[in-house]
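Below is one structure, written out as structure tokens; the observations come after it.
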Amino acid sequence: MFRESDRSMSAAQTREERLDKRRKISLTLWRRLVQIATLAFFVGVPLLNLYGVNAITGTLYSVAVGSLTMSDPLVVIQHVLAAKELYVPLLLSVALPVVLAVALGPVFCSWMCPQGFMSELIEFLHQRLMPSRNTHLAVRSGAGWIRVKWGILVGGLIAVALFSLPLFNYISAPGIITTQLASGIFLGTVGIELVVIAAVLVFEFFWIRRGWCKVVCPIGAALIAMKSPLTLRIEHNEQHKCNTSACKVACVTSCQLDIDPRNAKAMWLCTNCAACVDACPDSALLFTLSSTRFAAGRRA
Amino acid sequence: MFWGDDSGLLRPPGATSEEHFLATCTRCMRCIEVCPYKSIRLGSIWDGLSMGSPVIRARSTPCYLCMKCPEVCPSGSLMSLAKNDVQMGLAKVNEKLCLAFNGILCRTCYNACPIFDEALVMDDELHPKVVTEKCVGCGVCEYVCPTEEPAIVVGTEDVSRKR
């Protein structure tokens with residue numbers, strides 16, 4: 001019975017849907033543009049340096065645009081733990097990235113991170129090259145894997161303090177991509193660190209999709225830890241009826257981090273990539289700031 | 001730390017003690033990117049724990065003491081200082097290899113030393129002599145030495161960098 005009503009509804013909504021889709025696709029498109037721009041930035045910096053322009057220097061660990069320095073929060077935490085001292089200029093340089101993470105969530109992961117971009121590319125290739133065979137380890141609960149990630153972050157930080165060395169820098173895939181880009185372009189040599197990148201790509205292609213982001217990345221774990229009740233998030237409209245023929249739970253399949261966007265509890269692992277917002281045919285998933293959430297609560 | 005305080009590597013000028021340097025350096029490569037001579041390289045896997053950290057290999061490219069790198073260091077691993085106060089290492093003459101000690105007139109290192117006639121002097125017999133209090137360890141002498149295996153080499157054993 002409701003199948004018929006569904007069909008008539010979808011027929012009535014076609015035009016609206018089409019308009020909706022056009023609007024929605026642009027979110028992923030915007031994200032791609034930001035990802036490409038970020039990668040282009042880290043290619044451009046050593047190129048400029050090569051021609052003697054030093055107004056912009058640095059890599060993902062720490063980058064300076066003019067007199068504005070921005071550092072990776074994990075690098076700063078490591079510095080404090082390894083050196084057991086507070087170096088004010090470095091502490092100040094983390095302000096902007098932290099404000100970004102607290103306000104907009106781990107958007108660095110989904111919108112900027114070069115490793116995240118590469119992981120998505122690998123996932124795209126995986127779907128193209130092996131569409132029939134599901135070689136990926138089925139990982140439905142994102143929440144189980146976060147324990148491994150916490151373990152790596154916390155265990156790693158303890159080791160950093162014990163050995164007085166920024167140990168994460170030896171394995172940090174996003175950092176290595178940018179340092180090796182700078183090394184290759186500026187110095188003309190690359191190092192053995194590229195093995196880490198190769199290993200991550202093989203791991204993600206054959207074993208766990210988006211494995212670096214989901215299971216390993218200590219930077220991502222640190223950024224998730226910065227989420228607050230005020231942080232921008234994607235919320236599911238609970239009044240909305242899902243599982244219609246148009247929907248088919250498109251949001252769940254669209255999430256490469258294997259989070260169910262309708263499950264508010266699981267969404268604390270979300271990096272705000274907005275793939276589910278794009279996939280939802282009914283606009284049941286939207287970005288929410290706390291203020292709008294309070295307003296909605298009052299209305300209801 | 002238990003792996004000792006001397007990696008045997010030349011660090012960019014203004015580097016703090018090896019232990020402090022390894023702990024604080026963010027490996028952000030900004031010192032590498034501002035070096036106009038590409039003297040600062042990335043430590044390779046053969047450098048062990050110093051992999052990914054900035055090193056200077058004097059025989060390929062020495063430090064010309066332009067002092068641009070300490071200014072961009074975000075983590076206090078390189079501290080700004082005058083070029084005469086730099087303590088990257090200490091040059092040592094190998095008298096067996098040195099041409100001047102083998103009866104051939106050679107003052108290549110003496111002529112090239114940026115702390116001219118202070119860090120490296122010619123003694124009465126026209127042999128090069130390192131003045132340990134003045135030598136900054138930039139490695140220019142090691143770079144210019146004409147013998148196949150350099151007869152003057154900058155080492156870090158006898159240097160204790162500040163902090």
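Largest GNM mean-square fluctuation among B:Asp124, B:Asp47, B:Asp85, using chain B with Cα springs under 10 Å: B:Asp124.
Partner shielding of B:68-76 amounts to 5, given as the average count of beta-carbon atoms from other chains within 10 Å of each residue beta-carbon.
Using only the Cα atoms of the range B:18-83, build the gyration tensor, take square roots of its eigenvalues as a ≥ b ≥ c, and label the shape rounded, prolate or oblate: rounded if a/c is under 1.5, else prolate if a/b is larger than b/c, else oblate. Verdict is oblate for the range B:18-83. Distance check, please: which entries in A:Lys241/A:Lys265; A:Lys149/B:Lys68; B:Lys38/B:Lys92; B:Lys83/B:Lys129; A:Lys149/A:Lys265; A:Lys149/A:Lys248 exceed 29 angstrom between their Cα atoms? Listed pairs above 29 Å: A:Lys149/B:Lys68; A:Lys149/A:Lys248.
Close amide H contacts of A:Val94 (hydrogens built in the peptide plane, cut-off under 5 Å, sequence separation of 5 or more or a different chain): A:Ser71.
Considering only B:Arg11, B:Arg57, B:Arg27, the Gaussian network model of chain B with Cα springs below 10 Å gives its largest mean-square fluctuation to B:Arg27.
If the segment from A:Leu230 to A:Phe287 were pulled out straight at 0.36 nm per residue, it would be longer than the present Cα-Cα gap by 19.3 nm. Sparsely packed loop sites in the range B:9-52 (the chymotrypsin sites (Phe, Trp or Tyr not before Pro) outside DSSP H, G, I, E and B with at most 15 other Cβ atoms within 10 Å) comprise B:Tyr37. Put simply, when A:81-94, A:112-125 are sorted by average Cβ atoms within 10 angstrom per residue, most first, you get A:112-125, A:81-94.
Residue by residue along A:70-82, Cβ atoms of other protein chains within 10 Å of the local Cβ number 3 on average. Here the Karplus curve 6.51 cos²θ - 1.76 cosθ + 1.60, taken at θ = phi - 60°, turns the phi angles of the range A:109-118 into couplings of 4, 8, 9, 10, 3, x, 5, x, 4, 5 Hz, with x standing for Gly and Pro. For A:Thr288, the amide hydrogen comes within under 5 Å of the amide hydrogens of A:Arg233, A:Ile234, A:Glu235, counting only partners 5 or more places away or on other chains and with H modelled in the peptide plane. For B:Arg161, the amide hydrogen comes within under 5 Å of the amide hydrogens of B:Glu18, counting only partners 5 or more places away or on other chains and with H modelled in the peptide plane. Between the range B:135-157 and the range A:179-241, how many Å separate their Cα centres? The range B:135-157 and the range A:179-241 have Cα centres spaced 44 Å from each other.
Relative contact order for chain B: what is it in percent, counting Cα pairs under 8 Å that are at least 6 residues apart? Relative contact order here is 27 percent. Each peptide in B:143-152, A:173-182 receives the mean, over its residues, of other Cβ atoms within 10 Å, and ordering these scores from highest gives A:173-182, B:143-152. A simple charge model with +1 on the Cβ of Lys and Arg, -1 on the Cβ of Asp and Glu and nothing else charged puts the dipole of the protein assembly as shown at about 2580 debye relative to its Cα centre.
Every number here is computed from the coordinates shown, using simple stated rules; none is lab data. All figures in this text were calculated on a predicted structure; none of them were measured in a lab. When we count neighbours, we look across all protein chains shown, and the Cβ atoms used for this are built from the backbone with ideal geometry, even at glycine.
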